[in-house]
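None of the figures in this text is laboratory data; all of them are computed from the coordinates on show. Computed from a predicted structure; not experimentally measured. So basically every Cβ, Gly included, is an ideal-geometry build from the backbone, and we count neighbours across all protein chains shown.
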Ligand SMILES: C[C@](O)(C(=O)O)[C@H](CC(=O)O)C(=O)O
Ligand SMILES: [Mg+2]
């Protein structure tokens, strides 16, 4: 009821322990706080907070227009809805290394268990689009060093994302990943890997957990959990998937009103009122005030 029963510090410790187990951790992207509850209830290991989703939610393209305040605010709203650890997309860190340091502290205060900072230039773009550009190694390292030195909880997971694969190939991605680990990164997000062999090569090159981004309509094939686990991937994200599913359903629903003059034919696809209330744990609020949950849905359609 109301909020997570686990403190951010405990979630960070739990994420560290889960990563140490070597099991593949599945982090679907929550497109709002309520969807984080669904992810939690279904038994996933973590919640991803996507920059692409936060941007899209505001009707903006994912090109670095969102502010640290907006991202930290959304990260806090989503993180507090779940007992699971959350991993937030900190894009390029919102500025120079000094800004990266502030970003880390703000996101830490928002209650996330980890965050990733990428080596793209600004304006950035989705890692699965063509025409990206990355900063030089020295700048990328400075971002990660700033992030590591700024955290107050040693368990906050600082993940370095490199977008260099799409520009300079796999060997450059491996070199950069190693340099970022040497700079203090706790984990690596090798963006836009094209096949499993590439994940395997990154896995072999670094000694820290690695993440696979199973975003749809991108450069990577959508590998199964088993395939990813077999090549030693530690975290898989489905960053925009729930938003895509929900928006697909919303669009079909709007078309149905236009075509049929009613949504009756779509009702079987909808989450019911009873299921929504269950997810909200509505009934528990009666423990504060017995007049809050004193109805049944028996008379409802
Ligand atoms: C993971 C990602 O950074 C995100 O913001 O969710 C995006 C996802 C996407 O745009 O499909 C990415 O750059 O891969
Ligand atoms: Mg992103």
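Result for the chain in a Gaussian network model with C-alpha springs under 10 Å: among 137, 108, 278, the largest mean-square fluctuation is at 278. Think of it as helices only: each DSSP H run of n ≥ 4 in the chain is worth -39500 (n - 2.57), and spread over all residues that comes to -13000 deg cm²/dmol at 222 nm.
For the range 4-136, take N as its residue count and report Rg(C-alpha) divided by 2.2 N^0.38 Å.
Details: Rg = 14.6 Å, N = 133, 2.2 N^0.38 = 14.1 Å.
Output field value: 1.03.
For the pair residue 34 and residue 2 in one chain, pulling the backbone fully straight at 0.36 nm per residue adds 10.4 nm over the alpha carbon distance.
Label-to-label distance for residue 98 and residue 200 is 4.7 nm, based on points extended 7 Å past Cα in the beta-carbon direction.
For residue 9 and residue 80, the difference between the fully extended length at 0.36 nm per residue and the C-alpha to C-alpha distance is 24.3 nm. Which of rounded, prolate or oblate describes the range 1-65 when judged by the alpha-carbon gyration tensor and an a/c cut-off of 1.5? The shape class here is prolate. May I ask you to list the residues of the range 106-131 whose amide nitrogen lies under 18 Å from a point 7 Å from Cα along the Cα→beta-carbon direction of residue 63? It comes to 120-131, nothing else. Taking the chain as a Gaussian network, where each spring joins two C-alpha atoms under 10 Å apart, which residue of 201, 146, 192 fluctuates the most? Taking springs between Cα atoms under 10 Å, the residue moving most is 201. Note on the range 90-158 and the range 11-33: Cα centroid distance 19 Å, given to the nearest whole angstrom. Quick one: helix 68-79 against the long Cα principal axis of the chain, what's the angle to the nearest 10°, folded into 0 to 90? Helix 68-79 and the main axis of the chain meet at about 60 degrees.
Each peptide in 287-293, 204-210, 69-75, 50-56 receives the mean, over its residues, of other Cβ atoms within 10 Å, and ordering these scores from highest gives 50-56, 69-75, 204-210, 287-293.
Of the beta bridges in the range 8-240, as assigned by DSSP with both residues counted there, near 5 percent are antiparallel. Structure remark: mean-square fluctuation, Gaussian network model of the chain, C-alpha springs under 10 Å; the largest value among 120, 271, 106 belongs to 271. Here the alpha carbons of the range 8-240 define both size measures, Rg and Dmax, at 15.7, 42 Å. For a modelled paramagnetic label at residue 288, 7 Å from Cα along Cα-to-Cβ, the residues of the range 1-24 in reach, with backbone nitrogen under 16 Å, are 1-5.
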